[in-house]
Structures are given as C-alpha cells and as structure tokens.
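Comments concern the structure below.
The values are calculated or read from the model by the stated rules, or taken from the named source; none is laboratory data. Keep in mind that this is a model prediction, so the values were computed, not measured. Backbone-built Cβ (ideal geometry, glycine too); neighbour counts: all protein chains shown. Calculation scope for accessible area: heavy atoms of the full protein, side chains included, ligands and nucleic acids excluded. Shrake-Rupley method; radii C 1.70, N 1.55, O 1.52, S 1.80 Å.
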Amino acid sequence: MKRGIFALFLAFALFSCAKNEKKTVSADEAILGVSVIGTIGMDGSKPRAIAVEYNRDLAGATLSLSDFSVSDYGLSLSDKDLNAGKNPGKPVKIYLNDKAELSENGTNHGNFVIIELNTDYSVSRYARSYLATMAAGVTQTADIKTADAIISAGTREVGNFYRYEYVGIDPQTGGARPSEFYNYAREGTFSIPEIKGYELHLTSFDREKLGLKNAKEAFSATHCFDEANGKYWDFELPYAIFVPADYDSSKKYALVLHLHDAGSMDSNPLLTLCESQGAANYASDYFQNLMKKQGLDGAIVVCPAISEDFFMNEENPHYNLRIARDNWTLSCASQAVWQLLDSIVQKYSIDMNRVYGSGQSMGGMTVMALAAQRNNFFAALLPLSCKWGTNFKKDEIFAGSKSFNAPADGTLIWKTDSDGNEVDYNNWFYLISDDNILYYSTAGENDEYRVLFKDLCGAEVEAADMYLDEKTTVESRNKIVRELTNSQSPLGIYQINLSGNVGHMSAWFYGHSTTATLEWFSRQTRQSEMERAKLDLNKPFELADEQIADDLHAWQKRDGSAVYIPTGKRGAGTLGYNSLCTALGSNEILLPGR
C-alpha cells in the first residue's frame, strides 16, 4: 500500500517536472532573418534600428543589449569619417514588438526584437549607396528565456546583405577605378519611412535587371539634344515623384524639381532620395505645411535619376548621361528633364507661380543652367555647393574638341526672356540677375558672378558667413539664414559662405538641414522675379583698361599659379564672355573672358 502511494507520488512529481521544463532551441534555428529600419539624416540614409525576426513569440523574455552582437553601417565608420557626433551605429535601446517597427516602449509579446541604433552623428561624405547604409547583421550571443522556451546563444551572424563589388568610372581617365567591396542590403529587407510616399519610375532595362517588373515606367523622352556630341536621343528617363496622399485636382500645388550630384549617379531613383535630406524634406509634413501657409494645398516633388553608365540602347549600353559637365555642356538628360516637367504640369494642378529648382553640385549646376534656358520659369532656386554660373561659348576649342550648342527651339529652350525680349540663353549672368536664389558654398568659392555684377553694374550680392564646428546648432544656422534673407536687397540673390569643418558636401548637408532654408524657399514666387529688373548685361562684354585691384579673385591652377577674373568695363554686358573651365585629366584651362 505504501509502495503504491509512493509510486503515484513519484509519477506525479516527474509529470510536474516534465510539464514545467522549458524547451531549448538554438538561436540559429529560431532567428528567421533581420531587416533594417532606416532614416534620412543631413548626411543621407543611415540605419535607425534593426528588427530581428524569430519563428516564435518571445512573450515573457527579458531583453538586454548584451544579448546581441551587432554589425551595421555606422559601426563600420572610423572617427576620421565623422564630422559631427560620436558612437555611430551603436545599439542604444532594445525591446520586443509584434511588428518590425519602432515603438516607444515596445510590447510584452511578439516575434520581433527591435534594436535601436545611435543616429546622432554625420559623416563627411555620403556612402556609395543606400544599399550599403541599410546593411546589418545580428548574432544572439546569450541565452534568452521566454515564457515557454529557452533560446540558446547562436553560432552565426544573421544578416540582410551580400558582398558587392563596385567598379566606378575615373573621370580623369575615363577608365575603371580599382574595385571597391561593400556589404549591400538585399532589396525588400529595409524600409525608410521619410521617403515612403515617393513612387519610383524605372526603365524597362532596370525593371528587368532588378527584378522589379511591377515598378512604374520611366518617362519616355524624345528628340533630346546632347551638347557633348550634337546628336538627338530618344530614351527612358527614370525618376521618383511624390504626390500628396490627399491630392485633389480641384486644388493648386507647388512643383519642386530636385536634382542630385555627380557622386550618386545611378538609374535607380531611390539613390537620389537617399543621398541627401533634400527629397525627404520636400515630402515632409513640415514643408508641405509651409506651402499650405502660402495658400497652396501642398507640393508635388520630382527627382530624376541621372546615370554615368546608362543603358541608352543596344548600340549604346554604357552612355554617359551626366547632365552637367564641368566644361559647362549639358547632356540630353537636361532636355528630358524639361519634357518630364512639362508632362507633370499637364497632368497635375500646378500653380505656375510656384515652381522651384533645387540641386547639389552637378544638380545645382543643372538647375542654374535650366534657369537661363527658360527665363523666370522657376520661382526660386536652391543651388548647393556647385560651380556657379557661366556664359556658354560652346564653339571654343577646348581640351582638343568643341561642344555643340543646344538650339533654342522656343519650346524646350525659350528664345525670349519673360518680358518678351529676344535674348540668348547662353548669356547666363543677364538671365539669372533677377532670380530668387539662395546659394550655399564653401568660403571663397565661385565668386565670379559677384565680381562681374559689381564691376559691370555696381550691384552687390548679399552674403553671410556660416562657421561650422561641433557646437553649431540648427538654431544658430537658422538665425544666420533668416537675418540674411530678411535683409532688403535690390537683387533676389543671397549667398551663404560656409567655413570651418567643411568639405564639398557640407553645403548640402547643412543647407538641407537648416529649416530656415525651407522657409525662404516656400515664400518665393515667380511674380516677385517679374517685378524685379534685370541687370543691364544683355550686350557684348568689354574688358576694362586695367584690373580693379579690390576685385581680384584667384583660382589656383594645378601648377600653383593664379588665374584671375578679367575685370569688365562698367556698363558692359556679358555676351561673348566665357567663364573659366578646366579639363579633367589635364592642366588645360580655358580662361574667362577669352
């Protein structure tokens, strides 16, 4: 009898232990994959969090950052890569969630572990691609106890990337650069909320190559003149477009054209959206509300993608579509952009008093050139860190060849100015002299137009200095921009000269991230340009008898000697004047005024 009772007790005890014993599974088996939640900062895209997906609910788990080892874009940076902040990409917060999304406090159940990363830093230059910034890997390095299981430490990293070999084009030689290797995120394994409202339009070639056959079609451009070879081209122009979700054709919207730089040339427009804060800014609630304060119902934003290695057709699979070249010629992409803009104006309800042009480096050069091709078409221009301005003398023999001047057909390129006066669009200094422009540059760069305006017409350009270091705040930058742009100037042109901890990309890093820039942009109208007189420059350029000493501005040639802007005779125009050009890969230089 006693043995029977003992046996029953033992059996019950063993049953209870078996019932309470937790199953153990390896993290290598339990982790299904990782995805990255990105963000767009002043230096472009960067990872904001990593979502680790498990094959089971982790309810009851107590999570610690020490439970995981992480690799991400920020952690791959060194101190010399940074121009602000510290600890890039360092894990700072961890929690459980039932979706692969950010949360204030997370949930008490779900299949996702969210690891938030430090984003309070900026780099001196943008990464090669958004695919590099969105790559990440995770290893579970400690046991995790859930309500009904133990997930033991894993032995391998689970990532969302593959190893990619990048071979770029050397602009000095035209040949291939040495191979560079990066971790690239696989498409579909990341999200960037700031640009989710953009619709991508890809070429048929890229839809096939990227496996995105359901993507929207690129714009079909026809009969576009290329100043490098004098030929007309038909091709597909890829682009991204943002249309407010509540768009109503009975209302009016602004239109913003944003053009990227030459460091991020690709036929996938997602690169354009990720390389700087510009595209994200224009689609943001902040900017859309600024436009609503101006009496509109928001803004439509279009961002073309220009590739240096573009599949034009079977006979030209590697066409250089670079839109603005450093010898001031424009590719056929410039006319394709005009055709695209015209199609958007026809399709959507656009207030033609509020069409804006924004661009950085190559993109800034382009919007400035476009501004002369259609006088006062843009209500305002925001060129950032770009070569500013030139008069085009394309028939000059330079670097062993001459370029071809795009014909003014009266449709894509206008033959008259906005007042109906006959004008040569190559007279750039004259045509932009009544425009609304806020120009960001590093100190001492691109002063040619300021010298010519002063020497020829006695006109002074309003400018302000902005010194940048780690103590610089958005508030301090806003104050400088507001004080400058609120000043009463006979010209609508303002220049911000950056100095301190700056490089070529600093102008668009800080220009786009200074909210006062957007405030100024949103207030400008074409009407205000039409009410302003142009400078008296629509006539031949004449040199003064002697150089005005105070206006000497030197460019350094590669041999260290100086080249000066010739002083114009007071009252002369700028027809026949040619700006300084340099030839890539050589010491050849085309002097201004020759």
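Structure notes:
A quick yes/no check of all residues on (1) open to solvent by 60 Å² or more (accessible area, probe 1.4 Å); (2) out of contact with any helix residue (DSSP H, G or I) (no Cβ under 6 Å at 6 or more places or on another chain); (3) more than 22 Å from Cys224 (Cα to Cα):
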| site | (1), (2), (3) |
| --- | --- |
| Phe398 | no, yes, yes |
| Ser401 | yes, yes, no |
| Pro407 | no, yes, no |
| Gly410 | no, yes, no |
| Lys415 | yes, yes, no |
| Arg450 | yes, yes, yes |
| Phe453 | no, yes, yes |
| Leu456 | no, yes, yes |
| Met466 | no, no, yes |
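- Pair list, Cβ under 9 Å, 6 or more apart: region 207-224 residue within 16 Å of Met312 (Cβ to Cβ) and touching a residue at least 24 places away in the same chain (Cβ under 8 Å), other residue aliphatic (A, V, I, L, M) and assigned to a strand (DSSP E or B): Phe219/Leu237; Ala221/Leu237; Cys224/Leu237
- Residue in region 76-112 that is surrounded by the most Cβ atoms within 10 Å (Cβ to Cβ), counting only those that are under 16 Å from Gly41 (Cα atoms) and touching an Asp or Glu at 6+ places or on another chain (Cβ under 7 Å): Gly89
- Count - residues of region 127-181 that are under 29 Å from Asn320 (Cβ atoms), open to solvent by 20 Å² or more (accessible area, probe 1.4 Å) and of a type in the set (Ser, Thr, Tyr): 5
- Considering (1) assigned to a helix (DSSP H, G or I); (2) open to solvent by 10 Å² or more (accessible area, probe 1.4 Å), the lone condition that Trp328 does not fulfil carries the number (1).
- Residue match in region 303-317 (condition: in contact with a Gly (Cβ under 7 Å, 6 or more places away or on another chain) and touching a residue at least 40 places away in the same chain (Cβ under 8 Å)): no
- The lone exception for Asn376 - which of (1) in contact with a Leu (Cβ under 8 Å, 6 or more places away or on another chain); (2) open to solvent by less than 20 Å² (accessible area, probe 1.4 Å) it fails: (1)
- Region 119-145, subset within 22 Å of the chain's Cα centre (by Cα) and polar (S, T, N, Q), residue modelled with the lowest pLDDT: Ser124
- Taking the listed residues Asn538, Asn578, the one that is part of a loop (DSSP other than H, G, I, E, B), open to solvent by 20 Å² or more (accessible area, probe 1.4 Å), among the polar types (S, T, N, Q) and at pLDDT 80 or above is Asn538, with no other qualifying.
- If the condition is being on the phi > 0 side of the Ramachandran plot and assigned to a strand (DSSP E or B), then region 76-99 contributes only Gly85.
- Scanning region 306-343 for residues that are among the small types (Gly, Ala, Ser) and either at pLDDT below 95 or within 29 Å of Asn391 (Cβ to Cβ) (or both) yields Ser307, Ala324, Ser331, Ala333, Ser334, Ala336.
- Counted residues, region 351-373 - those being open to solvent by less than 10 Å² (accessible area, probe 1.4 Å), under 19 Å from Thr525 (Cβ atoms) and more than 18 Å from the chain's Cα centre (by Cα): 3
- Any chance Ile344 is closer than 30 Å to Phe404 by Cβ and surrounded by 16 or more Cβ atoms within 10 Å (Cβ to Cβ): yes
- Selection from region 80-118 of residues that are closer than 27 Å to Glu165 by Cβ and modelled with pLDDT under 95: Lys80, Asp81, Leu82
- Selection from region 252-272 of residues that are among the hydrophobic types (A, V, I, L, M, F, W, C) and either more than 15 Å from Trp508 (Cα to Cα) or open to solvent by 10 Å² or more (accessible area, probe 1.4 Å) (or both): Ala254, Leu255, Val256, Leu257, Ala262, Met265, Leu270, Leu271
- Single condition Gly168 does not satisfy, out of (1) of a type outside the set (A, V, I, L, M); (2) touching an Asp or Glu at 6+ places or on another chain (Cβ under 8 Å); (3) in contact (Cβ under 8 Å) with a residue 40 or more places away in the chain: (3)
- Qualifying residue in region 352-364 (condition: of a type in the set (A, V, I, L, M) and in contact with a Cys (Cβ under 9 Å, 6 or more places away or on another chain)): yes
- Within region 183-197, the residues that satisfy the criterion of being more than 20 Å from the chain's Cα centre (by Cα) and buried (at least 16 other Cβ atoms within 10 Å of the Cβ) are Asn183, Thr189.
- Being under 30 Å from Thr39 (Cα atoms), of a type in the set (D, E, K, R) and open to solvent by less than 20 Å² (accessible area, probe 1.4 Å) is a property that Arg482 lacks.
- Among strands (runs of 3 or more DSSP E) entirely within region 22-75, having at least 2 residues that are buried (at least 19 other Cβ atoms within 10 Å of the Cβ) singles out 31-41, 44-54, 68-72.
- Selection count, region 564-575, where residues are open to solvent by 60 Å² or more (accessible area, probe 1.4 Å) and over 35 Å from the mean Cα position of the chain (by Cα): 2
- Candidates in region 273-291 are the residues that are of a type in the set (Ser, Thr, Tyr) and buried (at least 22 other Cβ atoms within 10 Å of the Cβ); of these, the one that is nearest to Glu519 (Cα to Cα) is Tyr282.
- Check on Asp297, surrounded by 18 or more Cβ atoms within 10 Å (Cβ to Cβ) and either in contact with a Lys or Arg (Cβ under 6 Å, 6 or more places away or on another chain) or among the acidic types (Asp, Glu) (or both): yes
- Residue list for region 218-246, filter: of a type in the set (Gly, Ala, Ser) and assigned to a loop (DSSP other than H, G, I, E, B): Ala218, Ala228, Gly230, Ala245
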